[in-house]
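Data block below; observations after.
The values are calculated or read from the model by the stated rules, or taken from the named source; none is laboratory data. Please read these numbers as outputs of a predicted model, since none were measured by experiment. For neighbour counting, all protein chains shown are included, and Cβ atoms are generated from backbone atoms with ideal geometry for every residue, glycine included.
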Amino acid sequence: MNSPIIAPVVALVAWSLVMWLWMYATRLPAMTRSGMKPDPQMPRGEQMNQLPARTRWKADNYNHLMEQPTVFYAIALSLALLEAGGGSSLVMAWAYVGLRIVHSLWQALTNVIEIRFVLFALSSLMLFGLVWNAARAL
């Protein structure tokens with residue numbers, strides 16, 4: 001089986017890895033500049049909160065890419081298995097990926113929360129549409 005909806009899935013996974021690289025490319029130098037040594041005794045995240053906000057934004061976004069996109073992966077793969085991964089589903093899948101990339105860039109560079117929310121809400125609407133298409137394909 002070869003479904004076109006697999007392409008946006010691969011694209012979002014690739015983007016997540018780009019964000020992973022960006023996160024460490026900024027975090028490790030920031031830790032070195034501040035003289036920070038990882039302390040396993042500190043509560044999760046507390047030590048990283050000492051880093052500059054612009055550095056933390058990349059990690060925050062990487063974490064976001066491990067949250068809601070898991071729903072995208074599940075529904076996109078379901079649509080592929082249902083042989084319903086083309087047409088409007090493919091358009092919404094690419095729209096979801098595009099919106100998530102813009103969301104990542106916005107959060108990593110400027111982090112204006114009101115704009116991030118709009119991008120998140122629009123991408124969420126794409127998920128609702130994908131779920132609707134999958135339900136209709138059952």
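Here are some residues: E114, E83. Which one is over 20 Å from L130 (Cα atoms), out of contact with any strand residue (DSSP E or B) (no Cβ under 7 Å at 6 or more places or on another chain) and modelled with pLDDT of 95 or more?
Going through E114, E83 in turn, just one is over 20 Å from L130 (Cα atoms), out of contact with any strand residue (DSSP E or B) (no Cβ under 7 Å at 6 or more places or on another chain) and modelled with pLDDT of 95 or more: E114.
Hand me the list of helices (runs of 4 or more DSSP H) wholly inside segment 33-131 holding 3 or more residues that are over 23 Å from A11 (Cβ atoms).
Where helices (runs of 4 or more DSSP H) fall fully within segment 33-131 and carry at least 3 residues being over 23 Å from A11 (Cβ atoms), they are 53-65.
Given (1) of a type in the set (S, T, N, Q); (2) more than 17 Å from the chain's Cα centre (by Cα); (3) outside any loop (DSSP other than H, G, I, E, B), identify the lone condition not met by S3.
Evaluating S3 over (1) of a type in the set (S, T, N, Q); (2) more than 17 Å from the chain's Cα centre (by Cα); (3) outside any loop (DSSP other than H, G, I, E, B) leaves (3) as the failure.
Hey, among A74, A53, A80, which residue is more than 11 Å from the chain's Cα centre (by Cα) and either of a type in the set (K, R) or surrounded by 19 or more Cβ atoms within 10 Å (Cβ to Cβ) (or both)?
Going through A74, A53, A80 in turn, just one is more than 11 Å from the chain's Cα centre (by Cα) and either of a type in the set (K, R) or surrounded by 19 or more Cβ atoms within 10 Å (Cβ to Cβ) (or both): A80.
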